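Take a look at the structure set out below.
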Amino acid sequence: MPVSTADRYAVIGNPIAHSKSPQIHAAFAEQTGEQLIYTAELVEVGGVESFVKEFAANNGKGLNVTVPFKLDAFEIATELSPRAQRAGAVNTLKLHGDIIYGDTTDGVGLLNDLTQNHQLELKNKRILIVGAGGAVRGVLEPLLLSQPQQLVIANRTLSKAEQLAQDFSSFGAISASSFEALAGQQFDLVINGTSASLAGELPPLPEQLFAAEGCAYDMMYGAQPTAFLNWAAQQGATHCYDGLGMLVEQAAESFYIWRKKRPETRGVIELLRSQL
């Protein structure tokens, strides 16, 4: 690894070539006048801890962590934010001497995209979140703190959804459901937190799931609407949003953790959208 005098940051994952993080953080740095180098680094499975130590020794100040290393990052952190502790996963590391501080910004990224970029009011709304993996776990706390009327987690393996509902029950009205048991229910916001969209697939959701003025949100994004968003539009969802804004918003929160400056996100989202 080359030694550099500028503060170094990177995103680590496997695969990583597709990552938009270097472009996002370069835009943030330019906007805020911060001097830093940000790269994408392919790390071998099992190699996270040794990479982080070497990176820190070479002026590395922080890392974004993507699939499949969010659990590794959680385990090697010497300090954890309360929200990372509850999420059980880390997507942001701040490196300072021997201290490896772990945080998670996915939840605040989703919330900022929903409430600021899309102007959605979540209080007293009925929210359905599909999936019970790490992506969902990371966003439950901020969603519940926005005081929805109810938050239902639907998952193929019901026991996983039930465990999540139990883990986060202290934050608000949360329950678990099988896909079949959703029939006849309606929601103001349905969030797809599964990776089914990456394969062009659809979770087995019942018809007529959207209330009047109901919205759909997919944490995945692409040049074209995802299979889930196409289905939602056919089902009468009034607004359909993908996760590109969430990607930029969670990056902005990471940037703030590292540099204590809050970048403007809208222009960066528009730039990325134009390149898809």
| request: Round to a whole angstrom and tell me the spacing of the C-alpha centers of the stretch 103-179 and the stretch 220-276. | output: 18
| task | Within the stretch 152-171, find all residues whose amide N lies under 14 Å from a label point positioned 7 Å from the Cα of residue 180 along Cα-to-beta-carbon. | result | 155-159
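How large is the direction-averaged shadow of the alpha-carbon convex hull of the stretch 181-276, in nm²? Intermediate values should be presented prior to the final figure.
Details: hull surface 29.2 nm².
Its average projected convex-hull area is 7.3 nm².
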| query | Which three semi-axes in whole Å describe the equivalent ellipsoid of the chain, each the square root of 5 times a Cα gyration tensor eigenvalue, listed largest first? | reply | 33, 20, 16
| task | Could you bin all the Cα-Cα distances of the stretch 107-242 into 10 Å bins starting at 0 and give me the percent of pairs in each, rounded to whole numbers? | result | 13, 49, 35, 3
| field | Three principal axis lengths of the stretch 104-166 [C-alpha, angstrom, descending] | value | 33, 25, 16
| For residue 71 and residue 42 in the same chain, what is the full-extension length gain: residue separation times 0.36 nm, less their Cα-Cα distance, in nm? | 8.8 nm
| note | Taking the stretch 1-85, the whole-percent share of alpha-carbon pairs separated by over 16 angstrom is 54
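Mind counting lysine pairs for me in the chain? Cα separation below 16 Å, and the two need to be 8 or more apart along the chain or on different chains. Please list the in-between numbers first.
On the way: 53/61; 53/94; 61/94; 61/260; 61/261; 70/94; 94/260; 94/261.
Lysine pairs satisfying the spacing and distance rule in the chain number 8.
FYI, it's all coordinate maths here, none of it is from the lab. Model, not experiment: these values are computed from the prediction. Cβ atoms come from the backbone with ideal geometry, glycine included; neighbour counts cover every protein chain shown.
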